[in-house]
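Reviewing the structure listed below.
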Amino acid sequence: MSEQKVKITLPDGSIKKYDKGISSHEIALSISEGLARNVLAAKVNGEVWDSSRPIMDDSTVKLLTWNDSDGKNTFWHSSAHLMAEALEALYPGIKFGIGPPVETGFYYDVDFGDQEFDSADLGKVEQKMTELARQKNDYIREEVSKKDAIDYFTGKDDEYKLELLEDLEDGSITFYKQGNFTDLCRGPHIPNTGIIKALKLTNIAGAYWRGDENRKQLTRLYGVTFPKKKELDEYLMLLEEARKRDHRKLGKELELFTFSEKVGQGLPLWLPKGTKLREKLESFLKKAQVKAGYESVISPHIGNKNLYVTSGHYEKYGDDSFQPIHTPNENEEFLLKPMNCPHHCEMYKFRPRSYKELPIRYAEFGTVYRYEQSGELHGLTRVRGFTQDDAHIFCRPDQVKEEFKKVIDLVLYVFNSLGFNNFITQISLRDPENKKKYIGDDEAWNQAEKDIIEATEEKGIKTVTEIGEAAFYGPKLDFMVKDALKRSWQLGTIQVDYNLPKRFELEYVGADNQKHRPVMIHRAPFGSMERFVAILLEHTAGRFPLWLSPLQYIILPISEKYANYANKVNQELTLKDLTGYVDHRDEKIGRKIRDAEMNKIPFMFIVGEKEIESGSVSIRKHGEGDIGTYSMKDLILFMDKEIEKSLSLENS
RNA sequence: GCCGACGUAGCUCAGGGGUAGAGCGCUUCCUUGGUAAGGAAGAGGUCAUGGGUUCAAAUCCCAUCGUUGGCUCCA
């Protein structure tokens, strides 16, 4: 009879009829046994379900395996339950917060109460998890009434689960049980614990309950699991590789920057090679900015406190920033410049403005100082003194969208030129539930948010939207890039601001001879030089494109007899704006080559008897070996071509 | 700021209640060598800082500073 059957649409568009109440596991079985073994869960009408859950209506079904991100998430979510089961077995009476999957792996927040737990105990938990996984316990879904759920967790005295239950509606509550462990959980889960073949608990950290720093801090245990041992090994290898790309390590090895306890936390010292790299990035952007109609300006490193009271920054950040500098004049206080915008506002105000001269685009590589929380500091990506590639565009309201789109083009040009292909474009909006965090009226905010959304739509950019991530004066479009360990960092940012122009009473005279208020666009394609260099280092593993490389060549004399000639060659190349040096060490050529290769120097120029006679050098390319002998003239042509190639390569 | 871990030579790291070790780097000497490590000798450390325990502390304990994995924060 037809009502006993359900029509199942599979991803390839094929439609099959099955008995009503069939599970996706059984559907998989009907296709192949191998597939059935690999099915972790299934997407039923767009919702991820347990593969054992009966399907009662006509549905579209996508079987999920380890190769689907939903499959992985389900696997890791179930692994979090497995870890909780192990923990409960080892530490009876502990309480659980939440235990979700994350980008790679999962965590569970645990309140150990009076029991002690530290990282040395992780091995014990891993062992227990392995033991429990081998029992191949099924994950069993159970619908429960709110009352029963509350009774259960009251019995366990788990105030965290009880708090979670408060927000749930009766009738929508499910428990999942595997072995001896029962958890409040929406699911879905993998069929049984036996699928979890390889596991590693990676670290342990404190985490505030519900992310609120005023509430209790729980112990968060992170772990990662795999369906095959081999995949765990590969993952650990990947981590190892990522460590090699760590910008803090590379920055030290390549002598780009350093920190000093004496100078202070989070205050980077840029060494000669790092400075060279920065300067090259700066001139690259400056060139693009000149083309785009920007003008350079310079403002001082400190500003009167009143400047930041006007901007609202003082009220927002004053207590948590570097405290005011006092002068012999009791009534005078200065702050280290925490951002450039107020200074640029004052530049705009320097004289009356006409609508005809807008937009005005003031650009400054402005160094700013922010007292970041000590726990936040991280290499070059989060520091207390850094240089923004800042600019502020003052324009008429009718120009906002156009200007915004031009800035998007500039940011994309910068990212493409430097080979950042994997970035997320994030629209950061105000949290309307928490208006206290922001300055300005609804009208200004709505307009600014509309400007950004429309501009990105018209540019055809794929974006994600985050509520509550806006700056306190306006919404932003952020360009997020990941580091070697897949942590996301904001690099480029574009912000629309109707508020600071109001606070600074910025004006221009319109065609109607009336005073009008301009709109400000804040923007920084790199974000900051520090963070950008950090991420660039991790992306290139220190092998910069030639045009950017702080060391482009090294000259290797066969013996000290050829030192003078080597110096002469070096001089000529320096005049051509190339950077390198002569390896004058008393070592054999083989040794010098090895060291240059290890240091990733793109080109080696070898000079000896032969070369002096013909006025030439022998070129050796990093990773490729000897590529022949070139006259000085050809060498310079060759290097020009290589530089150009490195630029266009990134641009293509 | 909070929870946890760590801090030994310029770098990477070993050691560990009886006053310090390796490799690389550096210096000097020998060697003047043609495409991925030539040889020898030597210099370098109050074992982050300050307290405490001890006959004795780099080692154990506490605090501070710094780094670090997270949380919170990020103009």
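Brief remarks follow.
- Residue within segment A:382-403 that is part of a loop (DSSP other than H, G, I, E, B) and within 16 Å of RNA strand B (Cβ to nearest atom) present: yes
- Of the listed requirements (1) within 14 Å of RNA strand B (Cβ to nearest atom); (2) buried (at least 17 other Cβ atoms within 10 Å of the Cβ); (3) under 30 Å from A:Leu418 (Cβ atoms), A:Tyr438 misses just one: (3).
- Residue match in segment A:15-30 (condition: in a loop (DSSP other than H, G, I, E, B) and of a type in the set (Phe, Trp, Tyr)): no
- Any pair with Cβ under 7 angstrom, 6 or more apart, that starts in segment A:143-160 at a residue that is more than 19 Å from A:Asn180 (Cβ to Cβ) and ends at one that is at pLDDT below 95 and surrounded by fewer than 14 Cβ atoms within 10 Å (Cβ to Cβ): A:Ser145/A:Asp170; A:Lys146/A:Asp170
- Selection of helices (runs of 4 or more DSSP H) fully inside segment A:266-366 by the criterion of at least 2 residues being aliphatic (A, V, I, L, M), more than 29 Å from the chain's Cα centre (by Cα) and surrounded by 14 or more Cβ atoms within 10 Å (Cβ to Cβ) returns A:305-311.
- Qualifying residue in segment A:331-345 (condition: more than 8 Å from RNA strand B (Cβ to nearest atom), free of Cβ contacts under 8 Å to residues at least 12 places away in the same chain and touching an Asp or Glu at 6+ places or on another chain (Cβ under 9 Å)): no
- For segment A:202-230, the set of residues classified as polar (S, T, N, Q) and more than 9 Å from RNA strand B (Cβ to nearest atom) consists of A:Thr225 only.
- Hits in segment A:31-54 (condition: surrounded by 15 or more Cβ atoms within 10 Å (Cβ to Cβ) and in a strand (DSSP E or B)): A:Ala41, A:Ala42, A:Lys43, A:Val44, A:Val48, A:Trp49
- Condition check for A:Tyr508: surrounded by 20 or more Cβ atoms within 10 Å (Cβ to Cβ) and assigned by TED's automatic domain parsing to the domain that holds A:Lys610: no
- Taking strands (runs of 3 or more DSSP E) as the structural unit, those lying wholly within segment A:450-563 and holding at least 2 residues that are within 13 Å of RNA strand B (Cβ to nearest atom), farther than 30 Å from A:Phe603 by Cα and of a type in the set (Val, Ile, Thr) correspond to A:488-497.
- Residue in segment A:618-638 that is more than 10 Å from RNA strand B (Cβ to nearest atom) and either in the same structural domain as A:Glu279 (by TED's automatic domain parsing) or part of a loop (DSSP other than H, G, I, E, B) (or both) present: no
- Which listed residue is in contact (Cβ under 8 Å) with a residue 60 or more places away in the chain and not small (Gly, Ala, Ser), from A:Asp398, A:Asp390: A:Asp390
- Test: residue in segment A:572-591 that is in a helix (DSSP H, G or I), in contact with a Gly (Cβ under 9 Å, 6 or more places away or on another chain) and among the charged types (D, E, K, R): no
- The residues listed here are A:Ile589, A:Ile554, A:Ile593; of these, the one that is aliphatic (A, V, I, L, M), surrounded by fewer than 20 Cβ atoms within 10 Å (Cβ to Cβ) and under 28 Å from A:Arg278 (Cα atoms) is A:Ile593.
- Condition broken by A:Lys161, with the remaining ones in (1) under 16 Å from A:Gly187 (Cα atoms); (2) outside the structural domain of A:Thr193 (by TED's automatic domain parsing) satisfied: (2)
The values are calculated or read from the model by the stated rules, or taken from the named source; none is laboratory data. Everything numeric here is computed off the predicted structure, so don't read it as measured data. All Cβ positions, even for glycine, are placed from backbone atoms using ideal geometry, and neighbour counts span all protein chains on display.
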